[in-house]
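Undergrad: The structure's right below; bear with me while I get my questions together.
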Amino acid sequence: MSVSAPPVAVVPDRLRLTEIFLSLQGESNSVGWPTVFVRLTGCPLRCRYCDTTYSFHGGDWWEIDAILAEVARHGVRHVCVTGGEPLAQKRCIPLLQQLCDAGHAVSLETSGALDIGDVDPRVSRIVDIKTPGSAEAHRNRWENIPLLTPHDEVKFVICSREDYDWSRAVLAEHRLAERCVVLFSPSYGEVAPRDLADWIVADRLAVRFQLQLHKVLWGDEPGR
């Protein structure tokens, strides 16, 4: 006789967190603002250039109320929920809503591989479109593009000239610049920032060149 496995305990008001810390926002339209980062644990993707692989496993369970209290303790308006891939945890959706309810300016950094449709409309969704150089371009969820609003942003991390040409084609095909701000960022240590800047200027692309400010200030130091 087969024995079924015991049911997995569900903790509905908790999320697994890698860290919460205060820093400057290094990317997006909010670059430079003091920001509390809530980094959730876990990610179904394995992008080749990922700089937060330490968030794939481990972490601690936090009650949502405890997360809100810790965010409030830092005393700044801007909050960024990131990962890993934050939307891989279902309780990310109510966390985002409650952060907005608390009066924060909330952004979500997401890989673009998961559905963004249930995210509170007050949240600025910063959606990656994975380039071929990431080794995860096949995970792009193109159904997210019609959901984008001017309140959102799209980000391409450019690993090579081939990535740039691919991204330029996607930009045109989906008319992304008509939907929201589009960010082109050089992959750290792979593409010279000046080269990417020159390509954008030469092609007069309707995108915003972006450097990772935190990399300029603190390099690869975790939690910054």
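Laboratory data are not the source of any read-out in this text; all were calculated from the coordinates shown. Every value quoted in this text rests on a predicted model; they were computed, and no experiment measured them. Note: ideal-geometry Cβ built from the backbone for every residue, glycine included; neighbour counts use all protein chains shown.
Undergrad: Tilt of helix 161-173 relative to the longest C-alpha principal axis of the chain, in degrees (0 to 90, nearest 10)?
TA: 80
Undergrad: Extending each Cα 7 Å along its Cβ direction at residue 147 and residue 209, get the distance between those two points in nm, one decimal.
TA: That separation, rounded to one decimal, is 3.3 nm.
Undergrad: Among (i) 54, 45, 31; (ii) 75, 30, 29; (iii) 62, 53, 32, which is the computed Cα extents along the principal axes in Å?
TA: Label of the calculated value: (iii).
Undergrad: Packing-wise, with mean Cβ within 10 Å as the measure, how do 101-113, 55-67 rank, highest first?
TA: Going by the mean number of other Cβ atoms within 10 Å, highest first, we get 101-113, 55-67.
Undergrad: Order the peptides 172-178, 92-98, 118-124 from the highest to the lowest mean number of other Cβ atoms within 10 Å of their residues.
TA: Ranked from most to least packed, the peptides come out as 92-98, 118-124, 172-178.
Undergrad: Could you give the angle, 0 to 90 degrees to the nearest 10, between helix 64-74's Cα long axis and the longest principal axis of the Cα atoms of the chain?
TA: 60
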